[in-house]
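Reading through the C-alpha cells given below for one structure.
Every number in this text was worked out from the coordinates using simple rules, so none of it is lab data. Note that the coordinates shown come from a computational prediction; the quantities given were computed from them, not determined experimentally. Quick reminder, even Gly has a Cβ in these numbers, built from the backbone with ideal geometry, and neighbours come from all protein chains shown.
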Amino acid sequence: MNAANDATATPMPADAPAANRFVRLWNIWRRKTLTLREGQLFLLLAVIIGIVSGLTVVCFRIAIEWTRFWLLGSSMEPSHLRVLLAPTLGGIGVALLVMLVFKRSRGSGVNQTKAAVFIFDGHVPFRTVIGKFVTCALAIGSGQSLGPEDPSLQMGAGIASALGRGLKLSREKQRLIAPIGAAAGLAAAFNAPISAVIFVIEEIIGTWSGGVLGAVILAAISSVVVMRNFLGSAPMFRVPAMEFRSPVELIGYAVLGVVSGVASLAFLKFIAYFRPLLKQLPRWTQYIQPAAAGLLIGIIGIWLPQVMGSGYPIIDQALHDQFLWKMLLLLGLFKILATGISFVSGTPGGMFAPTLFIGAMLGGAVGGVEHLFVHHPAQSVAAFALVGMGTFFAGFLRVPITSVFMVLEVSGNYSIIVPAIIANMIAYFISRRYQPVALFDFLARQDGFFLPSIEEMREHTALRVEDAMRPGAGIVLGDGDSAELLREAEASKSSQFLVWRHADGWRAISQEELRQQAAAESAGASTGVSKGEAPGRGPLPQLYPDQPLDEALRLMGNWPVVPVVNRANLEKLEGILSLDDILETYRKS
Amino acid sequence: MAREDNPRTCPQCGNPLPAGASECPRCNNGLFAFLHSREIVLSLTAVIVIVLFFLTGFVTRGYHQKLGALGRQWFEAGEQQLKSGNAAAALADFHTALVYSPDDTQIQFQLAQALAAEGRDGEARAYLLELQARAPSDAPINLALARISVGSGSEADALRYYHGAIYGVWPNEAEANRLNARLELCRFLIARGDTSIAEAELIALASEIPERNGASLHAQTGELFLSTGNATRALSEFRSALTVEHPPKDALRGAGLAAYQLGEFQQAERYLDRARRLGNKDADVSHALDISRMVTSADPNAPGLSETERRDRARSDFEQAFGRLQFCAKSRGIDLFAKDAPQSELVTLGVQAKALEPQLTDENLRRHPDQIDVAMNLVFVTEDAVTTECGAPQGMDEALTLMGKFPGRKR
C-alpha cells in the first residue's frame, strides 16, 4: 500500500475554503507526476540520510578538534594545568547539559539506537542529535577518554528518524530507517563504509535483511563520499607496508589473541561492576561524576597525556613504531582505566576509538616483545598493533566479523587476514567464555531495557523442516485413473493420500473423494473432474527438509498436511508436515 | 482533558484526536497537509542539505587553514630546535606538526632527519622508506637513506641510494646538489677502500664540474684523487682549481703534494712554498717542501747546471749515500771491508762504492762525465738497499731515494 497515495486520496471536506482548490490541484498533479513508490523513496532517502549524516559528522569532528584546541591547546603534551582543568571543567559542563538540557544524550549511542529500533519504532528524538553533538564534542574535546564513532552512529540514526517522521513513512519503514542512519553516521566517523555496514547488521539489526541492506550500503557510501569530500580521502591511520611472512608468526598472533581476550575481559568486568555502582549513588552525584572522572583522567594525563581524548594520533604513532613495548603496554593499561572511568561516570561518548587505541597499544606491546625475542623485522610491531586493534575490538565489543573487516579496511592489506582472524577469534572466545553477556546487552539491562541480544540471536540454532517433519509418513498413490487409485487406497488403512502429477505437482485426496470420483467417472456423469484430470485438491505447497520452520509455517496455509520432498527429485517424498508437528517442535525446542 | 476523553491519536501527525472527532483537524486542513506533503518535506530537506553543504564547506575551510597553520608553526619550531642541536625537542615538535599535516612530506623528511640525528636510524629509515615509496626519484630522500645506510653498514644499499640521489630530482640547485652527492659517494667509497669504483665516480664528477664557480669542487675532487693514489688526475684538478683569481687555500697544498707524488719536485717546491707563505703550516707540506728543496738542490741532472756543479752534486750525493751505507753496516755489526765479511748486498755495495770512490775526482769526472751517471746509479741502489736493511730514509737520504724513484723527471 502506497502511503503517499493514501495521503493524497484523503477526501477534502465539503465546506473546504476556495483557497484549498489550489491544494486539490496540487494533489492531483503530484499524484500524477511526483509521487514515488515507497521503495524508491526509501532508497532516495538513504542517499539523503547519508549526505546529511556525512555533513553532520564532519562538523562534529571539527567541533571536537576546535574544543580541544580551545581547552587543551595544540600541543600533544599540554601543560599540567590544562591537563587537570580541561577535563574537570568540561565534565561539569557535560554533566549540566546532560542533566538539565539533553537528558537522553548519556551513553555511547549504540544501545540507544538499538532501543529505538526494537522499542520505539525507530524513533530517535532530534533533540538527542543536538545533545549528542554538543555534549560529546565538549567531553571528547576536553580530554575525556572517549571516541566520536558511537555518538556519530546515534546522530545518524536521529537524523534518519527525523526525516522518516517528516516524510510520514510507514511504521515498518520508520523502524528500518534508524539503522540506515546509524550506518551512515558510523561510516562517516570511521571512514570505513564496509565495517560500518557490517557493524550495524551485526550489532543493531541482527539479520542480513535484503529489504534494508541496499539502503544501508547506499547511506554508508553517501556519507563517506561526503566526509571525504570535506576532510580528505586519507585513511584514518597511515598503515606502513607490512606482510605476513611465515606461519610461525601465528604463534605470536595467538598470544596477542590471549592477551587481548584477557584485557577485554578485564575491561568488561570493570564496566559491569562500576557502572551500576555509580548509578546507585544519589542523583546529585551525577552532576559531579563526569567532573570527577575528568580530574582522574587529568591526573593520569600529567604522566601519560596520550590517553586523553580519542587518541587517533597516538595509534598512528604506534603503527609507526614510535614507542617501546613497555610504553605501549603502559598506555594500553592506563587507557583501559581512563576509558572505564569516563564511561561509567555517564559522560556521553563512544567506545570505538578507545577500544582501537587499547588494542593497538597491547598489540604493539606484544609485537615489541616478540621482536625482542624472535627478532622479526620491526614492521611486525606495526602489524601486531594493527591486528591488535581488531582483536581487542572483537573481544570487547563482541563483533567478530566487523573486527576482521575493520582491520582489512583500515590497512588495505589482505595478507594480514589470517593472523587477524586467528587472534580475533581467540580473544572473542575468551571474552565470551568468561563474560557470557555482551557489553551492549548488559548495558541495556542495567538501563532497564531488555533488548534482543544479537550475539545470542547469532548463536541461536534455527529450527528446520527436517526437525519437525514425519519421515516415512504419508501414502503416495501411483499414476493411474480414479478406479486404479481407489483400489490402491482401499488396500491401505489410511484415509488421506498424496498424489504426484508431473504437470500439477502434489495433490491431496481422501478415500471418500476417490470413491466419488471413480463412481462418477464410471457413470459418465460430470463431476467437474473429467477423466484424466488430476484428482483431489491442490497443488499443495511443497517443502524441503532444509527450509526454516518459520518459513514452512507461512507456506502451509490451510492445508492439513504438506509434503516434504527432495530438492533433487520432487517426486520423492521425504516426509510430511502438519501444523501440529510444527507447534510440537517449537514447544520442545 | 481531551486526551483523557479520547485517547486515540492521529496516525499521520501523532497528535491526540479531539473528543468525538474521527479525523484530525490539523491533517485535514488543506494547507497543513500541503506543507507536510512528502514533496514539500523533500524539497525543504534538499534546501537544508544545500545550506548545510555550504556551511560545512565554510567550517571545513577554516579548520583546514587552522590545521595548516598549526602544522607550519610546529614544523618551524622543530626546525629551530634541530638547528640548535636539540634533536629530542625537534622530534616532539615534528611529531606534533605531523598530527596537523600528516601528508606533508617536508615534515616527514625533517622528522626522519631528526630521528637520524638522535641515532634512531631504524625509525628514520622506516619513515624515509615510506617517503621513498611515494616518491622513488626524490633525491634528498635517497641521500638521507644513503647516509643512514652508511651508518648501518649496508654498503650495497648506500651505493644504490647515493645513485638515487645523484640521478634523482632535486627541488632546487640540482646541479650543485648532484655534484655534492657524488662527492659524498666518492668519500664513502674511498673510506671503504673501493678505490677503483671511487676513481670511476671521481672521473665522472670531474667531467661534470662547471667551469664557473667550480674551483672548490675541483680542489675537493683533486684531494679525493690524491686519496685514491691517482696523483696525475689530482694535479690536473688542483691546477683547474688554481686558475681562478682567488683559489681555494687547499688547492696549492694539494697541487704541491700531487706534484711531489709525481716526482715533479720543482713544481712541488713552487706550489708548497706558496702554500706555506699563505699560512699553511701542515707538517706534510713542510716535509714535502723540504724534501723537494733537497731534491732540486742535490740533483746533478737538474737543468741549467754548470758541469762543475753537476760533478760537485754527484760527489756530494755519493758521499751521502756511502756514509749512510757505512753507518747502517756498522749498526748491524758488519765490517764492509773485512776480508771475511759475510756475503750480503750491503757488503757488495760497499765494495763497489769503495772501488768507485777514487774515480770520482774532479779531474776524472771532467774526463769521463758518464761516471756521474754510474755514481748516481750506485747512490740510488745503495739508498734502496739501506732502506730495506735499516729503515726509512730521512732528510737528504729520502731526497736521494725519491730522486732514484723518478729518474729522468724534470726536477
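Details
- Taking chain A and dividing mean pair separation by its residue count, relative contact order in percent (alpha carbons under 8 Å, at least six apart): 14
- With both residues required to sit in the protein assembly as shown, DSSP beta bridges show an antiparallel share near 80%.
- Counting only lysines at least 8 places from A:Lys114 when in the same chain, those with an alpha carbon closer than 17 Å to its own are A:Lys132, A:Lys173.
- Neighbour-count order for A:Leu372, B:Leu272, fewest beta carbons within 10 angstrom listed first: A:Leu372, B:Leu272
- Order of B:Phe109, B:Phe238 - criterion: other Cβ atoms within 10 Å of each residue's Cβ, fewest first: B:Phe109, B:Phe238
- The stretch A:421-466-the stretch B:53-116 distance, computed between alpha-carbon centres (Å): 44
- Under a model in which nothing but the beta-carbon of Lys, Arg (+1) and Asp, Glu (-1) is charged, the protein assembly as shown shows a dipole of about 3860 debye around its Cα centre.
- Cα-based helix-to-principal-axis angle, B:215-228 vs chain B, degrees rounded to 10: 60
- Unit Cα scatterers, Debye sum, the stretch B:19-156: log10 I(q)/I(0) for q = 0.12, 0.13, 0.16 Å⁻¹: -0.62, -0.68, -0.87
- Each Lys or Arg adds one and each Asp or Glu takes one away; over the other residues whose Cβ falls under 10 Å from the Cβ of B:Ala126, this sums to -2.
- Counting every pair of alpha carbons in chain B, the share spaced more than 37 Å apart comes to 57 percent.
- Applying the Karplus relation 6.51 cos²θ - 1.76 cosθ + 1.60 with θ = phi - 60° to the stretch A:306-313 yields 3J(HN,Hα) values of 5, 7, 7, x, 6, x, 4, x Hz, where x marks Gly and Pro.
- Scattering curve values for the protein assembly as shown, log₁₀ I(q)/I(0), Debye with Cα scatterers, q = 0.05, 0.08, 0.10 Å⁻¹: -0.56, -0.94, -1.18
- Separation of the A:Asn558 and B:His287 label points, Cα + 7 Å toward Cβ, nm: 12.1
- Evaluating 6.51 cos²θ - 1.76 cosθ + 1.60 at θ = phi - 60° for every residue in the stretch B:102-111, the Karplus couplings come out as x, 9, 6, 5, 5, 5, 4, 5, 5, 4 Hz, glycine and proline recorded as x.
- Residues B:Gln106 and A:Ile299, FRET efficiency given R0 of 51 Å [Cβ-Cβ distance, rounded to 0.05]: 0.85
- Look at the stretch B:38-46: the mean tally of other chain Cβ atoms within 10 Å of its residues' Cβ atoms is 6.
- With Cα atoms, 0 to 90° folded angle of helix A:249-279 axis to chain A main axis: 90
- With all projection directions averaged, the alpha carbon convex hull of the stretch B:297-386 covers 5.8 nm².
- Partners for B:Lys281 among lysines (Cα-Cα distance below 25 Å; same-chain residues under 8 apart left out): B:Lys249
- Assigned charges on the beta-carbon of Lys, Arg, Asp, Glu; the stretch A:191-302 dipole about Cα centre (debye): 380
- From phi via Karplus (6.51, -1.76, 1.60), per-residue ³J(HN,Hα) for the stretch B:37-45 in Hz, x at Gly/Pro: 5, 4, 5, 5, 4, 5, 5, 4, 4
- Residue mean of other protein chain beta carbons inside 10 Å, B:92-103: 4
- Between A:Lys588 and A:Ala483, the modelled labels are 4.5 nm apart [label points 7 Å from Cα along Cα→Cβ].
- Assuming charge only on the beta carbon of Lys and Arg (+1) and of Asp and Glu (-1), the dipole of chain A about its Cα centre is about 2300 debye to the nearest 20.
- The order of A:Trp325, B:Trp74, going from fewest to most other C-beta atoms within 10 Å of their C-beta, is A:Trp325, B:Trp74.
- Amide H contacts of A:Glu574 (H built 1.01 Å from N, in plane; Pro and chain starts excluded): A:Val564, A:Val565, A:Asn566 sit under 5 Å, all sequence-distant by 5 or more or on other chains.
- Using alpha-carbon coordinates, inclination of helix B:265-277 to the longest axis of chain B, degrees: 60
- Surrounding net charge for A:Gly575, when Lys and Arg each add one and Asp and Glu each subtract one, Cβ distance under 15 Å: -4
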